[in-house]
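Read through the structure below, which is laid out as structure tokens, and then see the notes.
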Amino acid sequence: EQRLLLLVDEVLGFVSAEKGETAVQREAIRVSDAFDAVQPLIASQFEEHHCVVQRSAIRPGLSVRADAKSLQQILMRLMSNASKFSKDGGTVTLGAERKNDIVRIWVHDAGTGISQQELEKVFEPFFQAEHATTRRVSGIGLGLTIARDLARRMEGEVMLSSEPGHGTTASVLLPAA
């Protein structure tokens, strides 16, 4: 039932973003508060995949200028992907750092990783990485597309770096508050 709701949410989010209906109200949001808000919403996914979530040290008070709902949607999508592609019993690490006027919030999994060829396509609507068919991964390939579009509406960006066999790091870059 929860998977169906997430799929419907992905489709509706994509349609709203494509129509330009996703309004953003930017305010100062503490990164740790954003993680605190999202973790309970996807805890069942981490439990299902027997994943452990850990946070690297995040400077107290580190804040971004963002829309709270949009940031939560981005983090949910990035964390959901990390749980899906992690090995059973794996660890997903959350962190954030500030460099000049940009805050990089990241989600790292030690899962299967993504090839360079697939990495170039992951933000295309409905694209699913090749190895997704060999795992119990659900979704329709809109999560990263929506996350990137939401970040761009807040003058930010979503980026991925990966190495097959060594996991993936998904980052959202947003203006510091």
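Values quoted throughout were computed directly from the atomic coordinates according to the rules given, and no laboratory measurement underlies them. If you're wondering where the values come from, they're calculated on a predicted model, not measured in any experiment. Methodologically, a virtual Cβ is constructed for each residue, glycine included, from the backbone with ideal geometry; neighbour enumeration extends over all protein chains shown.
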Looking for something crowded, with 16+ Cβ neighbours inside 10 Å, outside any strand (DSSP E or B), touching a residue at least 24 places away in the same chain (Cβ under 8 Å) and of a type in the set (Asp, Glu) - is there at least one such residue anywhere in the range 55-75? yes
So which residues in the range 140-177 are among the β-branched types (Val, Ile, Thr) and crowded, with 23+ Cβ neighbours inside 10 Å? Ile146, Val158, Thr168, Val172
Which residue is nearest to Pro164 (Cα to Cα), if the candidates are limited to the range 95-123 and must be assigned to a strand (DSSP E or B) and among the aliphatic types (A, V, I, L, M)? Val107
